[in-house]
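Taken together, the values in this text are just the output of simple stated rules run on the coordinates, not laboratory data. Values in this document were obtained by computation on a predicted structure and should not be read as measured data. All Cβ positions, even for glycine, are placed from backbone atoms using ideal geometry, and neighbour counts span all protein chains on display.
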Amino acid sequence: MTDDDGDGTDHGRRLPTFLLIGAMKAGTTSLYHYLGAHPQVAVPQYKAPEFFVEESNWHRGIDWYRRQFPVTGPEVLAVGEASNSYAKHPRYRGVPARIAAHLPDVRLLYVVRDPVARIRSHYETRAAEGSERAPLAEAVFADPIYLDYSRYALQIDQYLEHFPREQLLVITSESLRRSREATMRRVYDFIGVDPDHAPAELDRDFYRTSDRAARSPVPLALRKFLKHRFPSTRRFKELETNTLGALRRVTGRTDAPARPAVTVPDDVRARIAVELADDVRRLRGHLGADFDGWGIA
């Protein structure tokens, strides 16, 4: 098998000791950058290899997966990646079993967010990409992904069939935003690195939906195509740069006027709360008695 990173060897590359499994639109990109900024942590340049998803890169094999990670020395104590497709049951089934078969001791990080806010952000991204054309009030209940990806306890259940509870840390997007240093100390300690190191990047928010939604859907669609067609980090970055650069030269720009913010009507919010109330109640067992349930349960 050809080494996609071009050095012809797997020497010094380690499989993950931790995985950030989601949730989508809950702050995983920011958390990925905060993790990668720690000097004792190594992550791939492209955050989401999606190896354990059968419909994505599972067929490429474990050697391919290993090559997605950088060569590391003894100073690196934790290696990991962030693929939110790992918490998209039932659309992608069997992921926890595949992870357990190859990484039985891996630490699992799961960041969750107020489901209404997550659904709104998810909808805004899909609308910006052009993959969602229905109004939010219709789309949320017509396409099961909006609610399913917000059933956090359901996603956790899939992992607890294969992993002991102590290998899973659940945090909220809200705590990551409001109490970032304290939350990251918990995360760093959980994955086995110095919890007192505070990278400068902790002051920055990464990849806000409001920023992405202002872009034209053309480059968004190109990024999605290039990512799945050329999963190697280096090849993907080269093609992304060259393709989007050509697009800029032809069109003169790749930005579109900012889209108005999407609001969630009260009746839609109430219906989402009813749909997810039981799941949120079960989630309390993972987040503790202080968890406010986002006003849902």
Taking R0 as 41 Å and r as the Cβ-Cβ distance between residue 66 and residue 282, the FRET efficiency 1/(1 + (r/R0)^6), rounded to the nearest 0.05, comes to 0.70
Footprinting proxy, 264, 274, 193: sorted fewest to most Cβ within 10 Å, the residues are 274, 264, 193
Extend 7 Å from the Cα of residue 202 along its Cα-to-C-beta direction; within the range 20-36, residues with backbone N under 17 Å of that point are 30-36
For 33-41, 175-183, 109-117, ranked highest to lowest by mean beta-carbon neighbours within 10 Å, the order is 109-117, 33-41, 175-183
The summed charge of the residue 172 Cβ neighbourhood (under 14 Å; Lys/Arg +1, Asp/Glu -1) stands at +4
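Ratio of alpha-carbon Rg to the 2.2 N^0.38 Å globular estimate for the range 1-160, to two decimals, please.
On the way: Rg = 16.7 Å, N = 160, 2.2 N^0.38 = 15.1 Å.
Compactness ratio reported: 1.10.
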When 163, 52, 141 are ranked with the fewest other C-beta atoms within 10 Å first, the list becomes 141, 163, 52
